[in-house]
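A short write-up of the structure that comes next.
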Amino acid sequence: MVNQLEYHPDFAQKEIAAYCQQQQIVVEAWRPLGGPNSTLRNQPDLLAIAQQHQKQPAQIILRWLYQQQIIPLPKSSNPAHIASNPDIFDFMLSSEEMARLNQLPQGTTAFDPETYHS
């Protein structure tokens, strides 16, 4: 079983993810990079960690999810981004880096069910 929910450092639904994992439900992160209007990838701590690992901020976010056993579902129409997204397996985030990402300011969901129209 899979539960897809919006999940990124700017909107980490940790309680739901922990519950799912305890129940052996796989968590899939929808909008793992925060969405098109997100300022997440400009957060100073994220940029510093990315620079330290010589990676893009998106790759740091995807690795952060992977280390939490959360499957990311990134969306892009940019071929360079699509090609670089899987390049997250040649480094690990330290526990300190994970903690820094976990402490990023929490925003709100990018999805508003009141205004969504399919």
>> For the chain, what does the relative contact order come out to in percent, with C-alpha contacts under 8 Å and a separation of six or more?
In response: 30
>> Per 0.36 nm of contour for each residue apart, how much would the distance between Glu96 and Ile25 grow if the chain were fully extended, relative to their Cα-Cα spacing?
In response: 22.9 nm
> Between Glu15 and Asn42, what length comes free when the chain is fully extended (0.36 nm per residue of separation minus the Cα-Cα distance, one decimal in nm)?
Replying inline: 7.2 nm
> By how many nm would the segment from Gln103 to Ser77 lengthen if fully extended, with 0.36 nm per residue of separation less the alpha-carbon distance?
Replying inline: 6.4 nm
> For the chain, what class follows from the C-alpha gyration tensor (a ≥ b ≥ c being the square roots of its eigenvalues): rounded when a/c is under 1.5, otherwise prolate if a/b is larger than b/c, else oblate?
Replying inline: rounded
> Counting other Cβ atoms within 10 Å of each Cβ, which trypsin sites (Lys or Arg not before Pro) in the range 36-94 have at most 16 and sit in a DSSP loop?
Replying inline: Lys75
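Here, each number is a calculation from the coordinates, and none is a lab measurement. Given the structure is predicted, the values throughout are model-derived calculations rather than measurements. For neighbour counting, all protein chains shown are included, and Cβ atoms are generated from backbone atoms with ideal geometry for every residue, glycine included.
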